[in-house]
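K.L.:
Below you'll find the structure I mean.
The values are calculated or read from the model by the stated rules, or taken from the named source; none is laboratory data. This is a predicted model, so every value here is computed, not measured. Reconstructed Cβ throughout: ideal geometry from the backbone, glycine too, with neighbour counts over all protein chains shown. Calculation scope for accessible area: heavy atoms of the full protein, side chains included, ligands and nucleic acids excluded. Shrake-Rupley method; radii C 1.70, N 1.55, O 1.52, S 1.80 Å.
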Amino acid sequence: MSTLELLSEHACFGGVQRFYRHASMATGTPMQFGVFLPPQALEAGAKVPVLFYLAGLTCTEETFAIKAGAQQHAARLGLAIVTPDTSPRGTDVPGQADSWDFGVGAGFYLDATEAPWSTNWRMETYVTEELHQLVGHHLPVDLSHAGIFGHSMGGHGALTLALRHPGQYRSLSALAPICHPTDCPWGEKAFTGYLGASRAAWEAHDATALMGQSPTVPYPDGILIDQGLADKFLPTQLYPEAFEMACRTRGQPLTLRRHAGYDHGYYFIQSVVADHLAHHARTLRADRAPLAD
């Protein structure tokens, strides 16, 4: 278990926003992540439910914490929010920063199998194993009450990691997620580079395919997805209708909300993030003591 180096700490809505760095065994690089701890987590002996938020292409561990305005809602609901970075950084992999949608800032939350990416680009192991254990060991969070959500590439990550690791996350939502990456340019580029030419390997990281193959209804309390209809990536990259059909076929409850006039960015996320935290809180706090007024 690696140690945490505290990079910064900021009082925020009665709680605290922190940023940490640590040496990652999964990626072989230093990794950074953020965590918001609500005021309830600062009480002696307390542990609070925790959400893992996965950010999109080009983002870092700071993006959601700075731009989404989620801390005020997390403080009221008694939820911690952990925000990992989107890829390893500081490697000597050739071409790692040649394009904005592959390599640095574009880990796609999977473990690469193709050289030269397979040594360091192991974001699935990082998020679901190393970071999960790290925050559970060092921070006042209750991993038995964990949820996951994300935006765009991170929405893809949230959906696929939740479906690939049944039971690890009790609640699930996404904002403008890449729902069918085996059939869109972002996914085809990333999967070819990280996973090779086998479409069977691709489908193991495609939320629509995973839902269609699920032997059970994985989230009986429902999945929430919000999508802006003015999102320029909606027609060619995101395909929420494919995931919607897979959920309908499987019998998985899904609330897919479509919002006229909203685009792909953080003004959209700010507008709906309170609903996402409330969605998670209904499941994660269902068997816990009610919060004081």
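K.L.:
Of everything in the range 255-280, what is more than 11 Å from Leu175 (Cα to Cα) and either touching a Pro at 6+ places or on another chain (Cβ under 7 Å) or surrounded by 19 or more Cβ atoms within 10 Å (Cβ to Cβ) (or both)? Give them in sequence order.
P.N.:
Tyr262, Leu277, His279, His280
K.L.:
Additional query: In the range 224-254, how many residues are of a type in the set (Val, Ile, Thr) and more than 13 Å from Ala176 (Cα to Cα)? I'd like the intermediate steps shown before the answer.
P.N.:
Of the residues in the range 224-254, the ones of a type in the set (Val, Ile, Thr) are 225, 236, 249.
Imposing the further condition that a residue be more than 13 Å from Ala176 (Cα to Cα) reduces the set to 249.
Result for the range 224-254: 1.
K.L.:
Here's a follow-up. Could you tell me whether the range 95-102 includes any residue that is over 20 Å from Lys189 (Cβ atoms), aromatic (Phe, Trp, Tyr) and at pLDDT 95 or above?
P.N.:
Start the filter on the range 95-102 by keeping residues that are over 20 Å from Lys189 (Cβ atoms), which leaves none.
Scanning the range 95-102 turns up no residue that is over 20 Å from Lys189 (Cβ atoms), aromatic (Phe, Trp, Tyr) and at pLDDT 95 or above.
K.L.:
Taking the condition of being assigned to a loop (DSSP other than H, G, I, E, B), hydrophobic (A, V, I, L, M, F, W, C) and closer than 19 Å to Phe243 by Cβ, how many residues in the range 194-216 meet it?
P.N.:
So the first thing to find is which residues in the range 194-216 are assigned to a loop (DSSP other than H, G, I, E, B), and the list is 196-198, 204-206, 214-216.
With hydrophobic (A, V, I, L, M, F, W, C) added as a condition, the list becomes 197, 204.
Next, only the ones that are closer than 19 Å to Phe243 by Cβ stay: 204.
Adding up the residues that qualify gives 1.
K.L.:
Right, another one. Does Gly56 satisfy the criteria of being assigned to a loop (DSSP other than H, G, I, E, B) and open to solvent by less than 10 Å² (accessible area, probe 1.4 Å)? Spell out the reasoning first.
P.N.:
Details: assigned to a loop (DSSP other than H, G, I, E, B): yes; open to solvent by less than 10 Å² (accessible area, probe 1.4 Å): yes.
Judged against the criteria, Gly56 is a match.
K.L.:
Return the residues of the range 67-100 that are open to solvent by 20 Å² or more (accessible area, probe 1.4 Å) and touching a helix residue (DSSP H, G or I) at 6+ places or on another chain (Cβ under 7 Å); say none if nothing qualifies.
P.N.:
Lys67, Gly69, His73, Leu77
K.L.:
Considering only residues that are small (Gly, Ala, Ser), out of contact with any Ser or Thr (no Cβ under 7 Å at 6 or more places or on another chain) and without any contact (Cβ under 8 Å) to a residue 24 or more places away in the chain, look in the range 1-53 and name the one that is least open to solvent (accessible area, probe 1.4 Å).
P.N.:
Looking at the filtered set, the residue picked out is Ser8.
K.L.:
Within the range 171-189, work out how many residues are surrounded by 24 or more Cβ atoms within 10 Å (Cβ to Cβ) and touching a strand residue (DSSP E or B) at 6+ places or on another chain (Cβ under 6 Å). Explain how you work it out, then say what you get.
P.N.:
If we filter the range 171-189 for residues that are surrounded by 24 or more Cβ atoms within 10 Å (Cβ to Cβ), which is where we start, we get 171-179, 181.
If we keep only those that are touching a strand residue (DSSP E or B) at 6+ places or on another chain (Cβ under 6 Å) as well, we get 171-176.
Adding up the residues that qualify gives 6.
K.L.:
Just one of Gln237, Gln252 is touching a residue at least 24 places away in the same chain (Cβ under 8 Å), under 19 Å from the mean Cα position of the chain (by Cα) and crowded, with 17+ Cβ neighbours inside 10 Å; which is it? Before you say what the answer is, go through the steps one by one.
P.N.:
Values: Gln252 fails: under 19 Å from the mean Cα position of the chain (by Cα).
Testing whether each residue is touching a residue at least 24 places away in the same chain (Cβ under 8 Å), under 19 Å from the mean Cα position of the chain (by Cα) and crowded, with 17+ Cβ neighbours inside 10 Å leaves just Gln237.
K.L.:
Can you tell me which residue among Pro185, Pro140, Pro177, Pro166 is within 25 Å of His22 (Cα to Cα) and in contact (Cβ under 8 Å) with a residue 40 or more places away in the chain? Give the derivation first.
P.N.:
On the way: Pro185 fails: within 25 Å of His22 (Cα to Cα); Pro177 fails: within 25 Å of His22 (Cα to Cα); Pro166 fails: within 25 Å of His22 (Cα to Cα).
Residue meeting the stated conditions: Pro140.
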